[in-house]
Amino acid sequence: MTESREHAEWGPAAGPGVTLERLLSVVGPGALELDTAPGGLAVAVGGVTLLDVLAPEVRPGELVLAVGVAAGSGQAVDVVRRAGAAGARGVVFGPERPEGSLGVLRSAAHEAGTALLFRTWYRWEELVAVLRAGLAAAGVPPLPAARGLVLGDLDGLADAVAALVGGSVTIEDTESRVLAYSSTEENVDEMRRLTILGRRVPAWRVAAMRDAGFFRALWTTDDVLHRRAQGDNPERLVCAVRAGGEVLGSVWVAAVGGRPLSPNAAQALRAASRAAAPHLLHHRTRGADSRLVEDAARALLEERGSAEVLAERAALPAREPCAVLAVGVADGEQGPAGEPSRMYALLALHCAALGHRIVVVPAGGRALVLVGALDRDEDRARERMTALGTSLTARLSAAAGAPVRAGLGEVVPALAGAARSRRSAEQALKALVRTGDGRAVAWVEDVADTIGVLHVLEALRDLELPPGTSVARLAAFDAEHAGSRLVESLRAYLDHFGDVPAAARSLSLHPNTMRYRLGRITAVSGLDLGSPDARLLAQLQLRLGLGDGERRGTPGP
């Protein structure tokens, strides 16, 4: 088979498997149309696989998606025969049915004993997602990731292509965004450098290519486009990536180090563009899968989910140490620049760049970052978490224009303990936000006293106090006299241990003004600042929010 495939995440089912009839009934007639089934509908389907030139093996019991193979071609007949010889249950082609040669394809299917199917109005990546969901609903368990170049590993594919063509490679989507690039160590040209740093082709360059009709030419040809070296701009090749008639993106090659590309670079790139199609399709479908990963992680962190389910969906090791970071800005309310989604994207990108295997779970303007596959040595794992938290908060603070804090959760031995790590991370973050002492990251033990106070306040929140306490009288006075700031002044005085100059500085007041206010506080409320009990009760009430309007009765940040 000249076109072959990389195994998708679904493999042979244990036991009797799911019948072809059952799978078709689950996914519905809108996804697939059965043309012929020489083996009947009772045959067991154990998985789905995409054609890819990188791995020729087809496992028995699989349904083969013939991406990029025209049903009327001689290649299609070859795909069907080889799939049948390997024991595949069926081959799925695109929606175009060649009337003149359909009989030949049906004969090949009968000889091979494998079903012939056609996708309908679904795009390939949508069909992959539908079949995955259908197999899961029908009871087929997902297999662990295959060894070697995993489906969707675009960086690995870029490196493989670079080795073949003797140059640097980028894989881009149809909007000129960089999905992957080869790890070429030599000096590269300025355009490639700008493209990689910005993770997309510079806007001015895209506009110039569009005006010149370059994209129209690229998206309407199956051939490789070539541009000779021009001054400091090296020789370049580019080829579109397609699945059937749909354009998925492009693969670019640039010469490096002043050396020409390999003599067969164009031929290799042409083959690589076909190989890239299943990987780009998988990349797209992973976007649909990301919500499933997030849901599984959220359920686990809330102690209602399964570590095994998350391990399968997110490719995280279930039995290796992990920990959670709770990340939020100093006010505890909003993400960077008021855009929580931007914080989540930056978190994921930064963690991936540092080599961490993570899942980001939005949490009301904050984010929980589950970090998996940590070192089994707890001290080294904690060092990595501290370094990650420090790096993240610095990067996000710069992006947000506001201080970002990260609570570091306990390192637990396996995914099953992730909820425990989440609780400690959220406690640490809450205390960091509460103290406002300038620290960006903290473990629970670093802020244990503040956490203890927060627990006490939580326990006291619903406690009914006698009416007419000193702080209550002071709050009533402030409410009746606009501009009076006696509650605020008392809080500053108590927070600074009775140091009048320090309390005055915190409010931008002259010390004499602060002393005058303290006199007014005593006169208005009757508060005895010399009484430890009176000071303690006043501090507790102020921590509980009495006198703060909408925060009344709400402890903590």
Starting from the 7 Å offset along Cα-to-Cβ, what nm value, one decimal, do you get for the label separation of residue 59 and residue 306?
1.8 nm
Hey, if we sort 124, 204, 252 by accessible area with the 1.4 Å probe, largest down, what's the order?
204, 252, 124
Residues with amide H under 5 Å of residue 241's amide H, sequence separation 5 or more or different chain, H placed in the peptide plane at 1.01 Å from N; which?
248, 249, 250, 251
Suppose R0 equals 51 Å. What FRET efficiency, 1/(1 + (r/R0)^6) with r the Cβ-Cβ distance, do residue 206 and residue 449 give to the nearest 0.05?
0.40
Say each of residue 70 and residue 197 gets a label point 7 Å from the Cα, pointing the same way as Cα to Cβ; how far apart are those two points in nm?
4.5 nm
Which trypsin sites (Lys or Arg not before Pro) from the range 93-127 combine a DSSP loop assignment with at most 14 other Cβ atoms within 10 Å?
none
Residue 120 and residue 383 label points (each 7 Å along its Cα→Cβ direction) are spaced in nm at 5.9 nm
5 angstrom amide H check on residue 18, placed H, neighbours 5+ away:
45
Gain in length, residue 21 to residue 520, computed as 0.36 nm per residue apart minus the alpha-carbon separation, to one decimal in nm?
171.2 nm
List the GluC sites (Glu not before Pro) within the range 55-111 that fall in a DSSP loop (any state other than H, G, I, E or B) and whose Cβ has at most 16 other Cβ atoms within 10 Å.
57, 96, 99
For the range 166-247, run through the GluC sites (Glu not before Pro) and keep only the ones in DSSP coil with at most 14 other Cβ atoms within 10 Å of their Cβ.
175, 185, 186
If the chain between residue 233 and residue 220 were fully stretched, how many nm would it gain, using 0.36 nm times the residue separation less the Cα-Cα distance?
2.2 nm
Mind checking the full-extension length gain between residue 499 and residue 354? Use 0.36 nm per residue of separation minus the Cα-Cα distance, one decimal, nm.
47.6 nm
Per-residue HN-Hα couplings for the range 75-88 [Karplus 6.51, -1.76, 1.60; θ = phi - 60°; Hz; x = Gly/Pro]:
4, 4, 4, 5, 4, 4, 4, 5, 5, x, 4, 7, x, 5
Non-local amide H neighbours of residue 375 (under 5 Å, H modeled in plane, Pro and chain starts lacking H): which ones?
381
Spin-label zone in the range 486-509 - amide nitrogen under 19 Å from a point set 7 Å from the Cα of residue 435 along the C-beta vector:
495-497
Residue-level accessible surface for residue 393, protein heavy atoms, 1.4 Å, Å²:
10 Å²
Share (percent) of C-alpha pair distances in the range 467-544 greater than 19 Å works out to 28 percent
Starting from the Kirkwood Rh over alpha-carbon pairs, what translational D in µm² s⁻¹ does the range 405-455 have by Stokes-Einstein at 25 °C and 0.890 mPa s?
227 µm²/s
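The values are calculated or read from the model by the stated rules, or taken from the named source; none is laboratory data. Since the model is a prediction, treat every value here as computed from it, not as a measurement. Quick reminder, even Gly has a Cβ in these numbers, built from the backbone with ideal geometry, and neighbours come from all protein chains shown. When the accessible area is computed, the model is the full protein with side chains, heavy atoms only, and any ligands, DNA or RNA have been set aside. Shrake-Rupley method; radii C 1.70, N 1.55, O 1.52, S 1.80 Å.
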